[in-house]
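A.B. asks: To start, I am sharing the structure in question, which I have written as structure tokens.
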Amino acid sequence: MKWQIVDLLDFEGEIHAVRGGLLINETRVPLQDVGTVLLGSKCRWGYGLVSHAAKFDVAVLMCDWRMVPISVLLHWSNNTRVGARQRAQANLSVPKQKQAWKALVETKIRNQAQCLKFAQGLDVPRLRELARMVRSGDLSNCEAQAALVYWGQIYGSEFRRVQEMEDATNSFLNYGYTILRGVVVRSIVSHGLWPALGVFHRHRANEFALADDLVEPFRPCVDLLVHQLIQMGSTEVDKSVRRKLASVGQQRYGASGETVATAIDDLCSRYANYVEGDGVRFTVSRWSPDTNG
């Protein structure tokens, strides 16, 4: 499976499509090895990039002058069950939606606990307790309760997770989450699902609501990378920071060697089967304690 990130945020010039790849200056990049391309505001590109990206199932993220992704170019799904799956999505019962959200939240909290072990060697019983308390639909909002514990532990009691803030930690998180979201959107489309039909996230203007649901268990993988960057003294989203955060898909997730990206693809496949199948149980794999220890 291909998950290489091609970072062209600093590139100035024209990107040419060649047979089976892209030509960037004198360098040919074979698209069979690429999962995502990041385009900066000074890149020039045309139909060749669009058609080649679609042919090779590559997600293209367009970024603004701040180097923050603002749009994603995805091809139409060629999954053979796309019609059936999207009808099933639209008709998914409320109880099944609530059970899916329960599984996502429970795993997210358990993965937050794992992140604290990886980052600081901390064992936080309260997070494990909250994970066990999650019920259908998370009506007790265990996710928010866990966040109050988690953020203060991983980045210090003074840290506040506010997307609009431009401090280093929030900026790193914003960038890493956007990269991760792009990986999820790509897998959602490839499995014949419609990204606007969410489980919990339902804002009428959110065309990637399902991605915002399915990305939740994997956010701690970004959090760990950001913790490492902060520990190394990084203070701005420069090229080295972007390269580190863009590698999140290649980070190990399972004890048998699967990556974050393959775990995401597996989750999207499981969700597709869940929405179509009566009696199918939706499960979310956890971050293995053996992967970063």
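A.B. asks: What do you get for Rg/Rh of the range 90-190 when both radii come from the Cα atoms and Rh is the Kirkwood radius?
C.D. replies: Details: Rg = 15.3 Å, Rh = 15.2 Å.
Using only Cα positions, Rg/Rh for the range 90-190 is 1.01.
A.B. asks: Now for a different question. Would you mind computing Rg(Cα) / (2.2 N^0.38 Å) for the chain, counting N as its residues? Working shown, then result.
C.D. replies: Details: Rg = 19.1 Å, N = 293, 2.2 N^0.38 = 19.0 Å.
Rounded to two decimals, the normalised Rg is 1.00.
A.B. asks: Using a 1.4 Å probe over the heavy atoms of the protein chains, calculate the carbon and sulfur portion of the accessible area of the chain as a whole percent.
C.D. replies: 49 percent
A.B. asks: Roll a 1.4 Å probe over the protein chains and send me the accessible area per residue for the range 144-293 in Å².
C.D. replies: Numbers: 6660 Å² over 150 residues.
For the range 144-293, the per-residue accessible area is 44 Å².
A.B. asks: Right, next: Counting other Cβ atoms within 10 Å, which trypsin sites (Lys or Arg not before Pro) in the range 165-211 have at most 14 and lie in a DSSP loop? Walk me through the intermediate numbers first.
C.D. replies: Details: sites: Arg181, Arg186, Arg202, Arg204; in loops: Arg202, Arg204.
Counting only loop positions with at most 14 other Cβ atoms within 10 Å, the trypsin sites (Lys or Arg not before Pro) in the range 165-211 are Arg202, Arg204.
A.B. asks: Mind checking the range 3-76 for GluC sites (Glu not before Pro) that DSSP puts in a loop (not H, G, I, E or B) and that have at most 13 other Cβ atoms within 10 Å?
C.D. replies: On the way: sites: Glu12, Glu14, Glu26; in loops: Glu12, Glu26.
Loop-located and lightly packed - Glu12, Glu26.
A.B. asks: If the cut-off is 17 Å between C-alpha atoms, which aspartates and glutamates fall inside it for Lys244, apart from same-chain ones fewer than 8 positions away?
C.D. replies: Filter leaves Asp7, Asp10, Asp223, Glu236.
A.B. asks: Just to confirm the filter: which trypsin sites (Lys or Arg not before Pro) across the range 1-41 are DSSP coil and have at most 15 other Cβ within 10 angstrom of their Cβ?
C.D. replies: Values: sites: Lys2, Arg19, Arg28; in loops: Lys2, Arg19.
Loop-located and lightly packed - Lys2, Arg19.
A.B. asks: About its Cα centre, what dipole magnitude does the chain give when the only charges are +1 on Lys and Arg Cβ and -1 on Asp and Glu Cβ, stated in debye to the nearest 20?
C.D. replies: Rounded to the nearest 20 debye, it is 780 debye.
A.B. asks: Any idea what log10 I(q)/I(0) is at q = 0.09, 0.22 Å⁻¹ for the range 42-160, Debye with uniform C-alpha scatterers and no solvent?
C.D. replies: -0.48, -1.05
A.B. asks: Rounded, prolate or oblate: which one fits the range 139-254, using the alpha carbon gyration tensor with axes a ≥ b ≥ c (rounded when a/c is under 1.5, else prolate when a/b beats b/c, else oblate)?
C.D. replies: Values: a/c = 1.91, a/b = 1.33, b/c = 1.44.
Oblate, since a/c reaches 1.5 and b/c is not below a/b.
The values are calculated or read from the model by the stated rules, or taken from the named source; none is laboratory data. Values in this document were obtained by computation on a predicted structure and should not be read as measured data. Cβ coordinates were reconstructed from backbone atoms using ideal geometry, including for glycine residues, and neighbour counts include every protein chain displayed. Surface areas here come from the heavy atoms of the whole protein model, side chains and all, with no ligands, DNA or RNA. Shrake-Rupley method; radii C 1.70, N 1.55, O 1.52, S 1.80 Å.
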